[in-house]
Structure formats: structure tokens, C-alpha cells
Amino acid sequence: MKRLIKLSSLLLVMVLGLTINSTAQSRAQKKADKDTDDFVYEIEGMSVGTQGTYLIKVWSYSKKPTIAINQAKKNAVHGVIFKGFSGKPGVPGQKALATPEIEKEKEAWFDEFFSDKGNYNRYVTESGDGTVAAEDRMKVGKKYKIGVIVSVNVADLRKALEDAGVIKGLSSGF
């Protein structure tokens, strides 16, 4: 009988531990989503990527560095769609694919697109081994500013936006 009580107590502790861990992960993801919902980031061209891609550095902000790193890919795709980036010697700047007004007009579509399991992931990859250089990690007030280099497949992203009716095709005229 005592053995059964110990076993059921152990099982209860394990279930509670999993629940607490799951809740903590859920809170962390909600916080990450909150940080990203505001889309506070900076974007800069790094070098010319292969045909149809941009190699860019995204500076994301968050109270936790790991959250900023995880959200960098989402911010990169958002930046390519709505902000574009200025050029520097040897790296041409790029205009945004869409106007900010489109984000409001197609809000439901973009909410799904930028969700945690959203399609934005299809168009972006981290460059390198995923580590952040010391000079790309800084404390700014209560938040961290983390720079992550990513590659965005703009050709495929543009085609997906055109196919969804979010933007007009390049051949549709002015």
C-alpha cells in the first residue's frame, strides 16, 4: 500500500512538473510573440546573396537574448515585406515588397503567416552556425539588442505574396 502511495505521489509530481514546464514555455512564447507583434527591429543589408535572396542582418530587441534570436527570422521576413533596407558600399538597398497599409488590409492573412508555425519560415534561414558574435549582442536599457544574419528567399516570398493576392505581380503593370 505504501509503495502504491509513493508511486502515485511520484506520478503526481511528474505531471505537475510537466504542466509547470509547459506553462513556462507557453508564457515565454507569448512574451516572444508580444515582442514581435510590435515588430521593433532594424534591418541592414550584409552582402549580395545568391540569385533571388537577400543576406541581411536583423537587430531584434527583447528582455531575453534567446527570444530576440528566435524572433530574428520573423522580423527579417517582415522587414523585407514592409520596410526594405538601405544600401551600403557593395550592397544595394532594397525597397519593401508591400506598403504598410497592406498589412492592415490583409491583417488576418498576415496574422496566420507570421504565427509560430506560419509560412514565413519557408522563406528564411539563419546564416552560419546560429551563434551570435559578441559585437552583435548588446544591452540597451532593459532589453537586449541582438544582431542575427539571415538569408531571405525574396523570389519565392514575392511569388507567395502574389499568389495569395497580397501584392501585385511585377508584370501586372502600373
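The values are calculated or read from the model by the stated rules, or taken from the named source; none is laboratory data. Everything numeric here is computed off the predicted structure, so don't read it as measured data. Here the Cβ positions follow ideal geometry from the backbone for every residue, glycine too, while neighbour counts run over all protein chains shown.
Below, the figures for the structure above:
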read-out: Members of segment 72-122 found to be under 12 Å from Ile43 (Cβ atoms), of a type in the set (Phe, Trp, Tyr) and either assigned to a loop (DSSP other than H, G, I, E, B) or within 14 Å of the chain's Cα centre (by Cα) (or both), listed by number; value: Phe82
read-out: Pairs with Cβ under 6 Å, 6+ apart, first in segment 49-65 and in a loop (DSSP other than H, G, I, E, B), second among the hydroxyl-bearing types (Ser, Thr, Tyr); value: Gly49/Ser151
read-out: First in segment 125-137 and at pLDDT below 90, second anywhere and of a type in the set (Phe, Trp, Tyr), Cβ under 8 Å, 6 or more apart; value: none
read-out: Count - residues of segment 142-164 that are surrounded by 17 or more Cβ atoms within 10 Å (Cβ to Cβ) and not hydrophobic (A, V, I, L, M, F, W, C); value: 7
